[in-house]
């Protein structure tokens, strides 16, 4: 009986498929990558690797991928080097050493933080350890960034909070509508954003019926957001929400001039199929982005404080991780950016 993996390999046999490998395939982002890859018309999955789960059948680690007949290999360069494209879905600080051992002709998209920051001091302050250097930043909607991604062989995928906040804030600062200083963000994220490791504070008994802040005043995505938007000071308060996936970020900034922030966003994303500036009166919902690569935005002006307010919603495993990684890979290989991706969410 022909398995799904054997069916996908037929692309390679006739010389049509782009050979793809995933390192860190046992995690949540890795599992979402595999789901997207196996439904992609041009990608041929040739390897999936893990650390502690190496040797296990993939569908026992990710039951949603039942029928994908594949055993997770040990994560090492030899298991990945035969691919045309490698996705690195590894913990922060683990991508750089592995990427350095891959052949230069292999295109790589790193979902970790190792190659996002230009400033080694920012890396040391927020992550620690040796700064691995900066790769092309993988947020195609930023001005000129799609062309840079298309020319790159190494792309750093943005962080999940960073994606939601940058898409909300960058056009306002670029248009001279918002001051780069005194940006304040409160953002709630589902528990999958914390990874798949067993942690006491992520037990269902601890999370259900509760909201809790974490990494207040020192979240690692702050320097990434400032670097991409031009913000000079930004306060981010992340909140753990009792849901598996999704991010809802409320971004506020001081206006430079009287402006309609919704109109600024609508103009900036007029040709961006994955960014939806909602009609007046409608606000983003995390559930509306579930399973998609889209980000929903809405904006207004606070009638009392006068601050600009943008609310941003996305799926942290989709647009905030795996979906955006596939979008970047599509651009790197000259494919339409939406290939293999959904613009619409799954409901209910």
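The values are calculated or read from the model by the stated rules, or taken from the named source; none is laboratory data. Since this is a predicted model, take the numbers as computed values, not measurements. Ideal geometry is used to build each Cβ from the backbone, glycine not excepted, and the neighbour counts take in all protein chains shown.
Structure values in brief
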{"read-out": "Looking only at segment 21-42, and only at residues there that are over 14 Å from residue 318 (Cβ atoms) and out of contact with any helix residue (DSSP H, G or I) (no Cβ under 8 Å at 6 or more places or on another chain), the one that is modelled with the lowest pLDDT", "value": "27"}
{"read-out": "Flag for residue 271 being farther than 16 Å from residue 160 by Cβ and touching a strand residue (DSSP E or B) at 6+ places or on another chain (Cβ under 9 Å)", "value": "no"}
{"read-out": "Every residue from segment 239-258 that is over 22 Å from the mean Cα position of the chain (by Cα), at pLDDT 95 or above and assigned to a loop (DSSP other than H, G, I, E, B)", "value": "254, 256"}
{"read-out": "Test: residue in segment 99-114 that is surrounded by 14 or more Cβ atoms within 10 Å (Cβ to Cβ), in contact with a strand residue (DSSP E or B) (Cβ under 9 Å, 6 or more places away or on another chain) and modelled with pLDDT under 95", "value": "no"}
{"read-out": "Considering residues of segment 181-206 that are surrounded by 18 or more Cβ atoms within 10 Å (Cβ to Cβ) and touching a strand residue (DSSP E or B) at 6+ places or on another chain (Cβ under 8 Å) only, the residue modelled with the lowest pLDDT", "value": "193"}
{"read-out": "Among (1) touching a residue at least 24 places away in the same chain (Cβ under 8 Å); (2) under 27 Å from residue 215 (Cα atoms); (3) surrounded by fewer than 15 Cβ atoms within 10 Å (Cβ to Cβ) - the single one residue 124 does not satisfy", "value": "(1)"}
{"read-out": "Complete set of residues in segment 127-145 that are in contact with a helix residue (DSSP H, G or I) (Cβ under 9 Å, 6 or more places away or on another chain), in contact (Cβ under 8 Å) with a residue 40 or more places away in the chain and over 13 Å from residue 325 (Cα atoms)", "value": "141, 142"}
{"read-out": "Yes/no for residue 167 being in contact with a strand residue (DSSP E or B) (Cβ under 7 Å, 6 or more places away or on another chain) and in a loop (DSSP other than H, G, I, E, B)", "value": "no"}
{"read-out": "Test result for residue 102, under 24 Å from residue 43 (Cβ atoms) and over 21 Å from the mean Cα position of the chain (by Cα)", "value": "yes"}
{"read-out": "Some residue of segment 129-145 being part of a helix (DSSP H, G or I) and not assigned by TED's automatic domain parsing to the domain that holds residue 228", "value": "yes"}
{"read-out": "Checklist (1) over 18 Å from residue 322 (Cα atoms); (2) surrounded by fewer than 22 Cβ atoms within 10 Å (Cβ to Cβ); (3) at pLDDT 90 or above applied to residue 61, failing item", "value": "(1)"}
{"read-out": "Test: residue 178 is surrounded by 15 or more Cβ atoms within 10 Å (Cβ to Cβ), closer than 25 Å to residue 215 by Cβ, within 19 Å of the chain's Cα centre (by Cα) and in the same structural domain as residue 264 (by TED's automatic domain parsing)", "value": "no"}
{"read-out": "Residue within segment 292-311 that is in a helix (DSSP H, G or I) and loosely packed, with under 15 Cβ neighbours inside 10 Å present", "value": "no"}
{"read-out": "Qualifying positions in segment 259-275 - closer than 18 Å to residue 182 by Cβ and part of a loop (DSSP other than H, G, I, E, B)", "value": "259"}
{"read-out": "Breaking point among (1) in the same structural domain as residue 189 (by TED's automatic domain parsing); (2) in contact with a strand residue (DSSP E or B) (Cβ under 8 Å, 6 or more places away or on another chain); (3) surrounded by fewer than 24 Cβ atoms within 10 Å (Cβ to Cβ), for residue 340", "value": "(1)"}
{"read-out": "Which numbered condition residue 177 misses (of (1) within 19 Å of residue 264 (Cα to Cα); (2) free of Cβ contacts under 8 Å to residues at least 60 places away in the same chain)", "value": "(2)"}
{"read-out": "Checklist (1) closer than 20 Å to residue 328 by Cβ; (2) crowded, with 19+ Cβ neighbours inside 10 Å; (3) assigned by TED's automatic domain parsing to the domain that holds residue 22 applied to residue 118, failing item", "value": "(2)"}
